[in-house]
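Undergrad: Below: one structure in structure tokens.
The values are calculated or read from the model by the stated rules, or taken from the named source; none is laboratory data. No experiment lies behind these values; they were computed from the predicted model shown. When we count neighbours, we look across all protein chains shown, and the Cβ atoms used for this are built from the backbone with ideal geometry, even at glycine.
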Amino acid sequence: MRASKIAVAAAVGLALITGLAWGSLLVSTGSPNGANGTGGSSFFFSSNGNLGAELATIRAALDDERRAHRDLEEEVAWLREELEIIAPYENADSYEPADAPDVSAAPSKPASPPRTRVFDEEALIASGVSEAEIERLRERFDEAEMGELYIRDRATREGWLNRPRFRKSLDKHRSTVREEFSDDDFDLMLYASHRRNRVAAQHVLRGSPGAQAGLLRGDIILSYNDERVFSPRDLQHATTTVPVGSPVSMRVQRGEQELTLYIPGGPIGTKLTRKSVQPEIP
């Protein structure tokens, strides 16, 4: 299943990140017994005594590993987001109604194509969205999904599926789709496709800018610097687009109340979690 493969890929990525950290430690300390038999580190007891050159070489190697570390962290974060998108639909084929006919003797069928996300019209009806609005959103949703299917098809044909080029192509497509939607429409689209559309503070660090601004655990962050927030990535990007220390407004929902907090630009100091919340119809 795609969800299992992505989960395994994410685990492998995390293992590689840990391996890089250990590799950096080993490069710094050398063999426990030392190549010269002194029992000390080969780093400190080099045969040619050119300590400065060895330090420069090790620093360069560590810089390369740090860059690889960051790349892997980005890849794992992307894989986790992909897993969240497809996980709710991966087990749909295992469902059978009580009166399903016996198909055990039926010939095997070819593998089904990649599953697209659902569009839950009933959820929008329950939210009070009109039929005309639902039809309009459904049409745009289908166009966006077809765009992703074309990218996957091309990547499969040309051999770059699940490679950095594939990830960048999907990200570019999704960014374009996001720009074409108003905030309210995008909120409805996320909700209708069973994706989480809110970001909440799961833990706030003591003494952090968020804590000093009055952010509490459980607060849902609706906007930052007047930009709507639908995912942790949205918030992380928003915090890097304002000068560090400059006053920024942050709108949060606390229970039934909406509050405006003022926080200095830069890291907020909170661990985030995602939620699915029924949008309010304007």
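Undergrad: Within region 224-254, work out how many residues are touching a Lys or Arg at 6+ places or on another chain (Cβ under 9 Å) and without any contact (Cβ under 8 Å) to a residue 24 or more places away in the chain.
TA: Count: 1.
Undergrad: Considering only residues that are in a helix (DSSP H, G or I) and basic (Lys, Arg), look in region 148-172 and name the one that is nearest to ARG117 (Cα to Cα). So that I can check it myself, show each step before the final result.
TA: Restricting attention to region 148-172, the residues satisfying the condition of being in a helix (DSSP H, G or I) are 148-158, 164-172.
With the extra rule that they be basic (Lys, Arg), the set shrinks to 152, 154, 157, 165, 167-168, 172.
Working: ARG152: 14, ARG154: 19, ARG157: 22, ARG165: 22, ARG167: 18, LYS168: 20, LYS172: 18 Å.
Ranking the candidates gives ARG152 first.
Undergrad: Please find, within region 153-191, the residue that is surrounded by the fewest Cβ atoms within 10 Å (Cβ to Cβ) out of those that are touching a Leu at 6+ places or on another chain (Cβ under 8 Å) and closer than 22 Å to SER223 by Cβ.
TA: Taking the candidates together, the pick is ASP185.
Undergrad: All but one of (1) surrounded by fewer than 16 Cβ atoms within 10 Å (Cβ to Cβ); (2) modelled with pLDDT of 95 or more hold for ASN197; state the number of the condition that does not hold.
TA: That leaves (1) as the condition not met.
Undergrad: Looking at (1) closer than 22 Å to PHE181 by Cα; (2) within 20 Å of the chain's Cα centre (by Cα); (3) modelled with pLDDT of 95 or more; (4) not hydroxyl-bearing (Ser, Thr, Tyr), can you tell me which one HIS237 breaks?
TA: (3)
Undergrad: Of everything in region 240-279, what is under 18 Å from the mean Cα position of the chain (by Cα) and either closer than 21 Å to SER127 by Cβ or charged (D, E, K, R) (or both)? Give them in sequence order.
TA: LYS271, ARG274, LYS275, SER276
Undergrad: Inspect region 222-242 for any residue being part of a loop (DSSP other than H, G, I, E, B), among the polar types (S, T, N, Q) and surrounded by 13 or more Cβ atoms within 10 Å (Cβ to Cβ) and give the result as yes or no.
TA: Kept after step one, since they are part of a loop (DSSP other than H, G, I, E, B), are these residues of region 222-242: 225-226, 229-231, 240-242.
Within this subset, residues satisfying the condition of being among the polar types (S, T, N, Q) are 225, 231, 240-241.
Next, from what is left, pick out any that are surrounded by 13 or more Cβ atoms within 10 Å (Cβ to Cβ): 225, 231.
Looking for residues that are part of a loop (DSSP other than H, G, I, E, B), among the polar types (S, T, N, Q) and surrounded by 13 or more Cβ atoms within 10 Å (Cβ to Cβ), one finds at least one in region 222-242, hence yes.
Undergrad: Of all residues being among the charged types (D, E, K, R) and in a helix (DSSP H, G or I) in region 173-203, which is nearest to LYS271 (Cα to Cα)? Just the residue, please. Full working, then the answer.
TA: Looking only at region 173-203, we keep the residues that are among the charged types (D, E, K, R), and these are 174, 178-180, 183-185, 187, 195-196, 198.
From what is left, the residues that are in a helix (DSSP H, G or I) are 174, 178-180, 183-185, 187.
Working: ARG174: 25, ARG178: 25, GLU179: 27, GLU180: 30, ASP183: 24, ASP184: 25, ASP185: 27, ASP187: 22 Å.
Here the answer is ASP187.
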